[in-house]
Amino acid sequence: MFKLAIVLAVAGVPSLFAQGPYKLEKTVKVGGAGGFDYVYADDAGRRLYIPRTGNPSRITVFNLDTLESQGEIMTTNARGVAVSAKTNHGFATSKPVTMWDTKTLAVIKTIDVQGGPDGILHDPFNDRIWVFSHVAPHATVIDAADGSVVGTMDLGGAPEQAASDGKGHLYVDLEDKNSIAVVDAKTLKVTATYDLTGSGGTCAGLAMDVKNNILFAACRNPQTMVMLNAADGKIITTLPIGQGVDGAAFNPNTMEAFSSQGDGTLTVIKENSPTSFVVEETVKTIPSAKTMTLDRKTGRVMLIGAEYGPAPAPEAGKRPGRGALVPDSFSILVVGK
């Protein structure tokens, strides 16, 4: 046990895999070639969307309850997906952006955009889709009803994940600036920037407790979840998470925040009150399962990951590479109570 504790501490895991309310309920190996990034649960339409890059590029679609295949949206090389339940329109961060009918999966149109589409968010405040890019323009805003481009904007840094309060304010974590941009959804202007330096850096996940106006910023360096007041950016506290975070979510029904890490962990943080937070549990998943989505109807967390072969020998002056994806090892993981 002592040796195990040392290994986990070195790996950056905040705690041992103690028993808790959550567990890995099932792992469904769906296979298929190609890379992957984000996963998206359309909890109203009961579908799970997973973009797959490579050849052929496509968006794979699954039944959110059974994880049975529901079809594919072909020739779409995308990173992320967002859906408007109001219009039954889906959007993917391909270039051009693909727009489809979520009931039939038929492509409606493609939308020309600039930059490098990556992250994406549906804002229920005015039923718009926000497409994020690490290069300018950092955000392209699309009307979910007809797919028209409303405008673009510079966020002042590279955006990763965003959250909406549903009242006209967006919050976007800027991965390269160790900060969160506050955006007016009406005017498409940055109204404030919250600096996280010293508490969290290279933040790649963002979630929000809308009722209590609290942001949860999941950061890589240091490996922390930063809780801050969305109104003024005041940091409430920080808690340790795993290594290589790339996603976050908040469940208002259970008052829990989640962060998914590439080291094979899912951190669960319990909000006991607007000023009291604890790491409730660290769930063991699989290495590479760094992105996640929350099914708000069931409270289950869906993650995606795959197995990889041995990494190639590192080249001088370059980051270590990753081995080839093991054929048909791509899997959907379901974590629940």
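Overview of values
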read-out: Selection count, segment 1-23, where residues are open to solvent by 60 Å² or more (accessible area, probe 1.4 Å) and modelled with pLDDT of 95 or more; value: 1
read-out: Those strands (runs of 3 or more DSSP E) lying entirely in segment 92-179 with at least 2 residues without any contact (Cβ under 8 Å) to a residue 12 or more places away in the chain; value: none
read-out: Matching option when the condition is within 19 Å of the chain's Cα centre (by Cα), modelled with pLDDT of 95 or more and open to solvent by 60 Å² or more (accessible area, probe 1.4 Å), among 243, 261, 223; value: 243
read-out: Failed item in (1) over 18 Å from residue 272 (Cα atoms); (2) in contact with a Gly (Cβ under 9 Å, 6 or more places away or on another chain); (3) aliphatic (A, V, I, L, M), with residue 231 passing the rest; value: (2)
read-out: Single residue of segment 85-106 satisfying the filter (among the hydroxyl-bearing types (Ser, Thr, Tyr) and open to solvent by 20 Å² or more (accessible area, probe 1.4 Å)) that is nearest to residue 121 (Cα to Cα); value: 87
read-out: Residues of segment 283-303 classified as touching a Phe, Trp or Tyr at 6+ places or on another chain (Cβ under 6 Å), more than 18 Å from residue 207 (Cα to Cα) and open to solvent by less than 60 Å² (accessible area, probe 1.4 Å), total; value: 1
read-out: Of residues in segment 39-68 being open to solvent by less than 40 Å² (accessible area, probe 1.4 Å) and part of a loop (DSSP other than H, G, I, E, B), the one nearest to residue 204 (Cα to Cα); value: 39
read-out: Residues that are free of Cβ contacts under 8 Å to residues at least 60 places away in the same chain and small (Gly, Ala, Ser), drawn from segment 223-266; value: 231, 233, 244, 249, 257, 259, 260, 262, 264
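The values are calculated or read from the model by the stated rules, or taken from the named source; none is laboratory data. Everything quoted here is computed from the prediction, not taken from an experiment. As a convention, Cβ positions derive from the backbone with ideal geometry for all residues, glycine included, and neighbour counts pool all protein chains shown. Please note that ligands, DNA and RNA were not included when accessible areas were found on the heavy atoms of the full protein model with its side chains. Shrake-Rupley method; radii C 1.70, N 1.55, O 1.52, S 1.80 Å.
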